[in-house]
Amino acid sequence: MQNTKFNLLFVLLLFLVACDMQKYPEPANSDQCELLIYSGMTMLQPLQEISALFEKKEDCRVKITSGGSGHILKSVETNQIGDLFFPGDKSYIDELQKKGTITQSIQVGYNEAGLFVQPGNPKQITSDLNHLQSRLLNVVIGTKNAGAIGRETERILQHAGIYQEVIDNSFYMTTDSKGLALAIISKDADVVMNWKAVNFLSANIGKMDFIALPAQKIKKQPLVMGLLTYSQYPELARKIMQIASSDVGQNIFQKYGFLD
């Protein structure tokens, strides 16, 4: 009798397990490879378009983690995983190349800083950097340690001899280009220094005006994509780099303001 009960229980257990396997089948592409790209905030949209083109050609997904370039640099060094590093300033690439973490790199465009003001420029702000010292204006700038635009802001304002004065005058400081754009959209700021390409993002169109800085005040910063030594799929990662540097990829970067 006990054996009969045991056998019935065993059969019932097998039946439930079988039903459970049918209810929760394995994903069709559970073994599909996945590439990880670390990207600065401003380049996220063009990178998403390029990744979509790559995914159509290859049986491989692309995951993008984005943020201020200083933050994603720390993520790369802490996690020690991933395939491509794409910061908003070449100096971050240079840092990892010196450490042997980047094995190959390619330039795909450039970043250029400028001023952003409220639509219609109601405060009549010009390209004169001294506006950033004015006590009559709410000024927001990027922090130099968190994002590429903060690092570039420091370069420009140090060269002009007013960096500390602008920090002292700032309403607050934020981590990356997205935070600076939000400062204008939320009307926290009358003026910010940000990447020109921010003006091309669909979410920002009509919500801010861009003021170019004089050529002698700025330097276009190369936009460089680097292959990480941690990459599990270096040949596939190189294919993304090839798309980014191809005519198709260059047209995408031009559309988003990273090329003239």
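What the table below lists for this structure:
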{"quantity": "Matching residues, segment 152-165, being surrounded by fewer than 23 Cβ atoms within 10 Å (Cβ to Cβ) and either in a helix (DSSP H, G or I) or among the aromatic types (Phe, Trp, Tyr) (or both)", "calculated": "Glu154, Arg155, Ile156, Leu157, Gln158, His159, Ala160, Tyr163, Gln164, Glu165"}
{"quantity": "Residues (of a type in the set (Gly, Ala, Ser) and part of a strand (DSSP E or B)) located in segment 91-114", "calculated": "Ser105, Gly109, Ala113, Gly114"}
{"quantity": "Condition check for Leu73: surrounded by 14 or more Cβ atoms within 10 Å (Cβ to Cβ) and closer than 15 Å to Met225 by Cβ", "calculated": "yes"}
{"quantity": "Counted residues, segment 65-83 - those being in contact with a Leu (Cβ under 6 Å, 6 or more places away or on another chain) and not in a loop (DSSP other than H, G, I, E, B)", "calculated": "1"}
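Here is a yes/no grid of residues against (1) in contact with a Ser or Thr (Cβ under 7 Å, 6 or more places away or on another chain); (2) crowded, with 22+ Cβ neighbours inside 10 Å:
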position	(1), (2)
Tyr38	yes, yes
Leu44	yes, no
Glu58	no, no
Val108	yes, yes
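All of the numbers you see were taken from the coordinates with simple rules; none came from a lab. Keep in mind the model is a prediction, meaning the values are calculated, not measured. Using ideal geometry, Cβ is built from the backbone for each residue, glycine included, and neighbour counts are taken over all protein chains shown.
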